[in-house]
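Sharing a structure below in structure tokens format, with a few things to ask.
The values are calculated or read from the model by the stated rules, or taken from the named source; none is laboratory data. From a predicted model like this one, the values you see are computed outputs, not experimental measurements. Here the Cβ positions follow ideal geometry from the backbone for every residue, glycine too, while neighbour counts run over all protein chains shown.
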Amino acid sequence: MNPPSFHNRIRKVGVLVTATLILPALAFVVVSLSFSAQAAEKKKIMGTNKWGPAISKTVMPPGPGDDPKHELTVLAIYRATTTSPDPDFNETEIIAYEQKDQVAGTGPKRGYFRRLHQNGDIDYGTYEGTHKTTVKEDGSWETTWENTWKDTGGTGKFKNIKGSGTSRGKATAEGALEEFEGEVEY
């Protein structure tokens, strides 16, 4: 066998392997990375949460010598429906699990949320903030709050969601509304 001919055959096999295996694999990786980069694009979200009354609430009463207006909410569970111009967040449902340490309806709070999307996927995260309750002379009351929130994960389309934002709300005997905004990527 002629050595240059053997090397030419080996070179041809190498070119064939490169053309049939390596180049398509490389193209697949490049295309996949471009889709991943597009999927992780940040987007601004905003909307309104309409909160219902507490579904469940466990409160620890004040201890001896404590301020009689002090209340430690060990766990309160709330449900809200969301309207948003973003179709991924419009007509979703939130369940929030919250703790409060308040005196006369004012103090810090923190919690966890789970949002159920129309397609059955879920995103979840945490929030914390402060709230203040004011009682008027006629006995009516108003609670206002401000929170910061973080999305930390989810399922399906929202499996890798990350993001954060703020919210402000107001509750009266007639109901509770909260406006939120933020930036997420998924």
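Would you confirm whether any residue within the stretch 79-95 is of a type in the set (Asp, Glu), at pLDDT 95 or above and under 24 Å from Glu174 (Cα atoms)?
Yes, that holds for at least one residue.
Residue-by-condition table, conditions (1) more than 19 Å from His70 (Cα to Cα); (2) assigned to a strand (DSSP E or B); (3) in contact with a Cys (Cβ under 7 Å, 6 or more places away or on another chain):
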{"residue": "Asp101", "(1), (2), (3)": "no, yes, no"}
{"residue": "Lys109", "(1), (2), (3)": "no, yes, no"}
{"residue": "Phe113", "(1), (2), (3)": "yes, yes, no"}
{"residue": "Gln118", "(1), (2), (3)": "yes, no, no"}
{"residue": "Gly129", "(1), (2), (3)": "no, yes, no"}
{"residue": "Lys132", "(1), (2), (3)": "no, yes, no"}
{"residue": "Glu137", "(1), (2), (3)": "yes, no, no"}
{"residue": "Glu142", "(1), (2), (3)": "no, yes, no"}
{"residue": "Glu146", "(1), (2), (3)": "yes, yes, no"}
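Keeping to the stretch 67-85, report how many residues are loosely packed, with under 15 Cβ neighbours inside 10 Å, in a loop (DSSP other than H, G, I, E, B) and either touching a strand residue (DSSP E or B) at 6+ places or on another chain (Cβ under 8 Å) or of a type in the set (Gly, Ala, Ser) (or both).
Residues in the stretch 67-85 being loosely packed, with under 15 Cβ neighbours inside 10 Å, in a loop (DSSP other than H, G, I, E, B) and either touching a strand residue (DSSP E or B) at 6+ places or on another chain (Cβ under 8 Å) or of a type in the set (Gly, Ala, Ser) (or both): 3 in total.
For the stretch 48-97, give me the residue count where each residue is in contact (Cβ under 8 Å) with a residue 60 or more places away in the chain and on the phi > 0 side of the Ramachandran plot.
0
Could you grab me the full set of residues in the stretch 148-183 that are out of contact with any Phe, Trp or Tyr (no Cβ under 9 Å at 6 or more places or on another chain) and part of a strand (DSSP E or B)?
Once the filter is applied, which keeps residues that are out of contact with any Phe, Trp or Tyr (no Cβ under 9 Å at 6 or more places or on another chain) and part of a strand (DSSP E or B), the stretch 148-183 yields Glu179, Glu181, Glu183.
State all residues of the stretch 106-119 that are within 16 Å of Trp51 (Cβ to Cβ) and surrounded by fewer than 18 Cβ atoms within 10 Å (Cβ to Cβ); if no residue qualifies, say none.
Within the stretch 106-119, Tyr112, Arg114, Leu116 qualify.
Only one of these is under 15 Å from Arg79 (Cα atoms), of a type in the set (Asp, Glu) and in the same structural domain as Asn49 (by TED's automatic domain parsing): Glu181, Glu146, Glu91. Name it.
Glu91
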